[in-house]
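**Student:** Here it is, the structure in full.
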Amino acid sequence: MQRYILVRFLQSLLALWVMSVIVFSLARMTGDPLDVLLPMEAGEGERERVAKHWGLDKPLFLNLENPFDAQYFTFLGKALRGDFGMSWKWQGHTAMGLVIERLPATLELAGVAILISALLALPFGVLTAVWKDTFFDSFGKIIALLGQSLPSFWLGIVLMWIFAVSLGWLPTSGRGTWYHMVLPAVCLGWFQVAAMMRLIRSSMLDVLDSEFVKLTRVKGLAEWKVVWKHCLRNAAIAPLTYFAITAGVLITGSVVIESVFAWPGTGLLAVDAVRARDFQVVQAIVIVFAAVFIMTNLLVDILYAYIDPRIRYQ
Amino acid sequence: MVRQRWKGGVLWGIMLSLSLAGPLAWAQTAPPKPKLDRLKVAVAPLGWDTNFTWLQSRSGQLDKRPALEYLIGIDRKTGAYIPELAEAWEMTPDGKAWTFTLRKGIKFHENWGEFTARDVRHAIFLITQPESVQTDGGYWRTLMGIEKSDTIDTVAKKVEQQVDLVNDHKVIIRTKLAAPELIDSVSANMDLPMESKARWDAGGKELYGKKVIGTGPFEFVERKVGEYVLYKRVENHWRHTPQFRELEFRWVSEGVTRLATLVAGEVHISDVDRSLQKDAVVKGMKIVPSQQIAVGHEWLFGGMYFATPDKLQPKHPFTDKRVRQAMNMAINRKAIADTIMGGKAQPMLIARYHDQADAALWPGIWNPEWDKRVNELYGYNPTRAKALLAEAGYKNGFEFNIYLYTLPGLPELLDIGQALALDWQAVGLQPKLVELEFPRVREQYRTKAIHGAIWGLRGSPNALNLLRVFNRAKDSTVYAYDHPFIEEKFAELDKTADPKERANLLRQIGDHKFFEFAEMPLFWLFADAAVNPKVIAEYTFPGSITGFFTHLEYVTLAP
């Protein structure tokens with residue numbers, strides 16, 4: 001077991017390093033940051049001056065004279081110490097400082113979205129399986145279909161227009177009270193509700209048909225106990241794994257929702273940083289997101305290994 | 001039986017929750033009676049979100065303007081230069097020295113002392129220091145004789161030598177080159193706000209990063225990065241005391257959300273996209289246009305390097321004047337203005353030349369002949385366009401790329417590009433729409449490698465600024481169209497500081513560009529502010545200042 005965890009941990013570090021190379025390269029492939037950083041009127045002298053100031057005058061990966069005096073190695077060396085440099089767009093702020101400052105807003109939103117998805121998906125998933133082929137099951141299928149097919153951008157705008165503009169019940173955007181959280185969290189959580197609900201339903205259907213369930217009924221156990229205790233426990237493995245990954249997706253996947261609702265989290269920060277070609281911030285966000293995702297997967301793998309003893313690295 | 005009871009209980013629970021949720025939410029969020037303490041303005045996030053005035057380009061100044069003032073102000077109705085922190089100014093005949101008499105008794109916020117000549121010198125130091133990326137930074141460095149290798153100490157020394165402090169309220173700015181238009185460079189149109197030298201001496205850059213401190217009618221309270229900037233009014237401000245106590249700029253990325261925040265009453269002024277303005281009006285909001293034209297929009301021919309023949313591809317169709325005229329005449333400007341811009345556009349005859357805006361600096365720059373002949377030479381005429389193409393040897397047209405990308409302030413650029421393609425197809429040309437990132441385009445025109453492509457730009461009015469950037473053969477950044485004739489006129493411009501002579505030279509360059517069809521000028525556009533008329537009775541802003549939403553201190557609240 002220890003060997004398994006060690007191997008998965010080393011693989012995670014490797015994935016993180018590969019991610020650093022990818023994000024560094026892709027960011028620079030989109031064009032010269034000086035073309036965004038400097039005004040249109042800036043001449044060659046200005047370009048040279050600013051390039052030197054930000055270290056953009058050095059080679060990207062390979063410096064034949066001094067192999068480690070290249071932009072990538074400077075980035076990697078500092079990144080290992082948690083220093084992703086100063087932001088270009090948000091002058092006076094460090095890139096990692098900005099990510100840390102915005103992370104609570106994203107975690108808050110993701111947390112509520114996860115809560116919504118868990119609270120809705122679990123009962124709906126179980127009940128649609130129990131009441132298979134009834135009106136309730138069809139209703140559940142429609143909810144799932146809508147959740148998985150409606151673009152979150154569109155859904156966000158429609159909900160905003162109904163509940164904030166027309167009814168005036170909730171604020172349109174921004175962050176402050178918990179009212180501000182309702183619409184973005186519902187939008188963010190709905191897709192996951194739909195996915196998780198379907199997963200729970202299919203797992204429950206498998207379990208409901210099994211022999212041990214029939215036995216519990218024959219033994220005269222109350223129906224609610226059969227469903228919520230014995231069936232759900234056995235059907236929970238697949239949804240649990242998915243749920244853990246979902247948490248990673250929700251934390252890292254709030255880019256669109258945060259833009260629509262002007263929610264000041266890391267997703268909106270990522271969009272603004274990409275628009276401004278603020279490489280430092282983009283790199284910091286992607287590495288943090290990647291780390292969250294990799295760590296979530298690592299935890300899921302470890303959890304899996306505990307639940308299913310057949311999973312081991314030989 | 002148990003199953004049935006349990007099923008019914010769950011359904012009742014869901015229905016009860018839904019029936020309670022609505023009224024509960026309503027009761028808890030019912031808005032209080034409006035009482036405007038804080039004027040809220042929703043705008044798209046700027047390229048920068050910082051308190052440093054020199055570490056951003058001009059458009060990034062918008063959220064700092066309420067706290068700042070300039071030597072020369074801009075009249076909110078006419079766009080004219082008016083005294084602000086300078087009461088009077090005078091230029092020497094050679095255009096190399098400007099004397100400014102400063103207003104007395106103006107205090108910086110937070111007790112940073114009285115505004116004096118030292119602060120003027122300090123403002124020039126800030127914009128010319130090595131790390132400055134401000135739009136006008138390069139121009140000021142040239143004026144001060146600052147080299148690219150100069151350290152911050154050398155910059156400080158050079159600025160000290162060039163800016164004479166006659167006394168606390170009189171300052172002379174000496175420039176290495178003639179700068180007859182310096183009045184514009186020190187005005188609120190540009191990038192030289194007055195900041196406190198005493199504060200710099202006390203805490204340097206670190207202190208400057210914490211707050212924006214100036215002499216303006218609003219005092220900085222707080223910047224929440226990525227969310228908002230908050231100001232409070234200065235009581236009994238020397239120029240004007242705002243009617244409301246606080247001012248908030250709120251960053252909202254999406255256009256639809258900006259509209260929603262306005263309609264829902266969460267903000268009072270909003271930057272609503274032109275395509276959504278009708279929806280705002282339907283919901284009872286009012287669209288307030290700027291007093292002056294705000295943005296010029298033109299499309300350019302790639303590779304017009306006549307003054308640098310080594311960069312010219314002489315066989316490309318664009319080098320033929322008849323082709324350029326044909327492409328201009330194929331454009332149905334009125335249809336584009338009516339359908340895409342909602343009819344809110346003013347014709348532009350030569351890229352960024354404007355009869356009224358330019359006349360303030362160069363009286364006589366405008367040639368009435370341009371007005372008389374514009375229909376004959378540029379008017380929509382597909383038949384004539386086809387004939388010109390045939391005459392030039394392109395009866396069957398030719399292929400070329402139209403670059404499409406997004407630019408802040410002109411979201412319609414993609415639609416306009418597509419409309420142009422249809423117009424050119426109609427006269428037999430074969431345009432190909434190519435979507436790409438703007439920095440890629442910028443890289444191409446900066447390196448004179450944009451041959452055979454058509455691309456669009458937008459920007460503020462000022463003929464000379466555009467010529468300096470678009471039409472110089474070297475030491476420029478946007479190489480769009482250069483020509484020996486224009487080079488010759490630039491050489492003459494460098495020798496004279498007389499506004500009339502300069503106007504005459506600019507007019508000659510204008511003639512050349514107009515009759516050579518150097519570009520495809522399209523429109524002048526006004527800036528629009530969507531306001532809630534229940535809260536705002538009057539908001540007048542010039543629009544000519546980059547960022548548009550200025551002069552907020554003069555907003556009159558509805559009774």
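**Student:** If we scan the range B:213-220, do we find a residue that is β-branched (Val, Ile, Thr) and part of a helix (DSSP H, G or I)? If you could, list the steps in order and put the result at the bottom.
**Tutor:** Within the range B:213-220, the subset β-branched (Val, Ile, Thr) is B:213, B:215.
Subset that is part of a helix (DSSP H, G or I): none.
Checked the range B:213-220: no residue is β-branched (Val, Ile, Thr) and part of a helix (DSSP H, G or I).
**Student:** Can I ask one more? Just to confirm my filter: which helices (runs of 4 or more DSSP H) fall fully inside the range B:408-504 and include at least 2 residues that are within 14 Å of chain A (Cβ to nearest Cβ)? So that I can check it myself, show each step before the final result.
**Tutor:** Numbers: elements: B:413-426, B:438-446, B:463-470, B:484-493.
Qualifying helices (runs of 4 or more DSSP H): B:438-446, B:463-470.
**Student:** Find the residue count for the range A:253-265, including only residues that are more than 10 Å from chain B (Cβ to nearest Cβ) and crowded, with 22+ Cβ neighbours inside 10 Å.
**Tutor:** 2
**Student:** Right, something else. Could you check how many residues of the range A:176-186 are at pLDDT below 90 and either within 19 Å of A:Leu250 (Cα to Cα) or more than 9 Å from chain B (Cβ to nearest Cβ) (or both)?
**Tutor:** 2
**Student:** May I ask you to list the residues in the range B:508-535 that are of a type in the set (D, E, K, R) and either assigned to a loop (DSSP other than H, G, I, E, B) or surrounded by fewer than 20 Cβ atoms within 10 Å (Cβ to Cβ) (or both)?
**Tutor:** Let us first name the residues in the range B:508-535 that are of a type in the set (D, E, K, R), namely B:511, B:513, B:516, B:519, B:528, B:534.
Those that are of a type in the set (D, E, K, R) and either assigned to a loop (DSSP other than H, G, I, E, B) or surrounded by fewer than 20 Cβ atoms within 10 Å (Cβ to Cβ) (or both): B:Asp511, B:Glu516, B:Lys534.
**Student:** Now a separate question. Select from the range B:214-267 the residues that are under 24 Å from the mean Cα position of the chain (by Cα) and among the aromatic types (Phe, Trp, Tyr) and write down the one among them that is nearest to A:Gly97 (Cα to Cα).
**Tutor:** Among residues in the range B:214-267 that are under 24 Å from the mean Cα position of the chain (by Cα) and among the aromatic types (Phe, Trp, Tyr), the one nearest to A:Gly97 (Cα to Cα) is B:Tyr228.
**Student:** If you don't mind, another one. Among the candidates B:Gly417, B:Gly397, single out the residue that is of a type in the set (Gly, Ala, Ser), closer than 30 Å to A:Pro33 by Cα and in contact with a strand residue (DSSP E or B) (Cβ under 9 Å, 6 or more places away or on another chain).
**Tutor:** Values: B:Gly397 fails: closer than 30 Å to A:Pro33 by Cα.
Selected residue: B:Gly417, the only one of B:Gly417, B:Gly397 that is of a type in the set (Gly, Ala, Ser), closer than 30 Å to A:Pro33 by Cα and in contact with a strand residue (DSSP E or B) (Cβ under 9 Å, 6 or more places away or on another chain).
**Student:** Which members of the range A:212-228 meet the condition of being within 20 Å of A:Met196 (Cβ to Cβ) and surrounded by fewer than 17 Cβ atoms within 10 Å (Cβ to Cβ)? Write out each step before concluding.
**Tutor:** Narrowing the range A:212-228 to residues within 20 Å of A:Met196 (Cβ to Cβ): A:227-228.
A:Trp228 - this is the single residue of the range A:212-228 that is within 20 Å of A:Met196 (Cβ to Cβ) and surrounded by fewer than 17 Cβ atoms within 10 Å (Cβ to Cβ).
**Student:** Mind telling me which of the residues A:Ser152, A:Ser138, A:Ser173 ends up being within 14 Å of chain B (Cβ to nearest Cβ), of a type in the set (S, T, N, Q) and over 26 Å from B:His268 (Cα atoms)?
**Tutor:** Numbers: A:Ser138 fails: within 14 Å of chain B (Cβ to nearest Cβ); A:Ser173 fails: over 26 Å from B:His268 (Cα atoms).
Every option except A:Ser152 fails the conditions.
**Student:** Related question: Based on what the data block shows, is A:Phe163 within 10 Å of chain B (Cβ to nearest Cβ) and either part of a loop (DSSP other than H, G, I, E, B) or aromatic (Phe, Trp, Tyr) (or both)? Quick ask: steps written out before the conclusion?
**Tutor:** Numbers: within 10 Å of chain B (Cβ to nearest Cβ): yes; either part of a loop (DSSP other than H, G, I, E, B) or aromatic (Phe, Trp, Tyr) (or both): yes.
Answer is yes for this residue.
**Student:** Do we find that A:Ala113 is under 16 Å from A:Gly267 (Cβ atoms) and of a type in the set (Gly, Ala, Ser) in this structure?
**Tutor:** On the way: under 16 Å from A:Gly267 (Cβ atoms): yes; of a type in the set (Gly, Ala, Ser): yes.
In short, yes.
**Student:** Going through the range B:109-154 one residue at a time, which ones are more than 24 Å from the chain's Cα centre (by Cα), within 11 Å of chain A (Cβ to nearest Cβ) and touching a residue at least 40 places away in the same chain (Cβ under 8 Å)?
**Tutor:** none
**Student:** Spot the failing condition for B:Met285; the list is (1) among the aliphatic types (A, V, I, L, M); (2) under 19 Å from B:Asp511 (Cα atoms); (3) surrounded by 15 or more Cβ atoms within 10 Å (Cβ to Cβ), and only one is missed.
**Tutor:** Checking B:Met285 against (1) among the aliphatic types (A, V, I, L, M); (2) under 19 Å from B:Asp511 (Cα atoms); (3) surrounded by 15 or more Cβ atoms within 10 Å (Cβ to Cβ), the one that fails is (2).
**Student:** A further question follows. Go through the range B:23-50 and report how many residues are part of a loop (DSSP other than H, G, I, E, B) and either modelled with pLDDT under 80 or surrounded by 20 or more Cβ atoms within 10 Å (Cβ to Cβ) (or both).
**Tutor:** Looking only at the range B:23-50, we keep the residues that are part of a loop (DSSP other than H, G, I, E, B), and these are B:30-37, B:44-50.
Next, from what is left, pick out any that are either modelled with pLDDT under 80 or surrounded by 20 or more Cβ atoms within 10 Å (Cβ to Cβ) (or both): B:30-35, B:45-50.
Looking only at that region, the number is 12.
**Student:** Also, quick follow-up: Taking A:Val7 as the residue in question, decide whether it is out of contact with any Asp or Glu (no Cβ under 6 Å at 6 or more places or on another chain) and at the interface with chain B (Cβ under 9 Å from one of its Cβ atoms). Explain how you work it out, then say what you get.
**Tutor:** Details: out of contact with any Asp or Glu (no Cβ under 6 Å at 6 or more places or on another chain): yes; at the interface with chain B (Cβ under 9 Å from one of its Cβ atoms): no.
Spelling it out, it is not the case that A:Val7 is out of contact with any Asp or Glu (no Cβ under 6 Å at 6 or more places or on another chain) and at the interface with chain B (Cβ under 9 Å from one of its Cβ atoms).
**Student:** Right, next: Only one residue in A:Arg47, A:Arg102 is closer than 29 Å to B:Lys211 by Cβ and of a type in the set (Lys, Arg), so which one is that? Walk me through how you get there before you give the answer.
**Tutor:** Details: A:Arg47 fails: closer than 29 Å to B:Lys211 by Cβ.
Just one listed residue meets the conditions, A:Arg102.
Here is a yes/no grid of residues against (1) surrounded by fewer than 23 Cβ atoms within 10 Å (Cβ to Cβ); (2) in a helix (DSSP H, G or I):
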| position | (1), (2) |
| --- | --- |
| B:Asp119 | no, yes |
| B:Ala156 | yes, yes |
| B:Gln161 | yes, yes |
| B:Met194 | no, no |
| B:Ala198 | yes, yes |
| B:Asp201 | yes, yes |
| B:Leu207 | yes, yes |
| B:Glu222 | yes, no |
| B:Leu230 | yes, no |
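**Student:** Failed condition for A:Leu205, given (1) free of Cβ contacts under 8 Å to residues at least 40 places away in the same chain; (2) out of contact with any Leu (no Cβ under 7 Å at 6 or more places or on another chain); (3) part of a helix (DSSP H, G or I); (4) farther than 30 Å from B:Thr261 by Cβ, with all others met?
**Tutor:** Tallying (1) free of Cβ contacts under 8 Å to residues at least 40 places away in the same chain; (2) out of contact with any Leu (no Cβ under 7 Å at 6 or more places or on another chain); (3) part of a helix (DSSP H, G or I); (4) farther than 30 Å from B:Thr261 by Cβ, A:Leu205 fails exactly one: (1).
**Student:** Can you work out which of the residues in the range B:394-435 that are touching a Pro at 6+ places or on another chain (Cβ under 8 Å) and among the aromatic types (Phe, Trp, Tyr) is surrounded by the fewest Cβ atoms within 10 Å (Cβ to Cβ)?
**Tutor:** So the residue we want is B:Phe398.
**Student:** Looking only at the range A:268-280, which residues are in contact (Cβ under 8 Å) with a residue 40 or more places away in the chain and within 11 Å of another protein chain (Cβ to nearest Cβ)?
**Tutor:** Of the range A:268-280, the ones in contact (Cβ under 8 Å) with a residue 40 or more places away in the chain are A:268-269, A:272-273, A:276-280.
The answer is A:Leu268, A:Leu269, A:Asp272, A:Ala273, A:Ala276, A:Arg277, A:Asp278.
The values are calculated or read from the model by the stated rules, or taken from the named source; none is laboratory data. Since this is a predicted model, take the numbers as computed values, not measurements. Methodologically, a virtual Cβ is constructed for each residue, glycine included, from the backbone with ideal geometry; neighbour enumeration extends over all protein chains shown.
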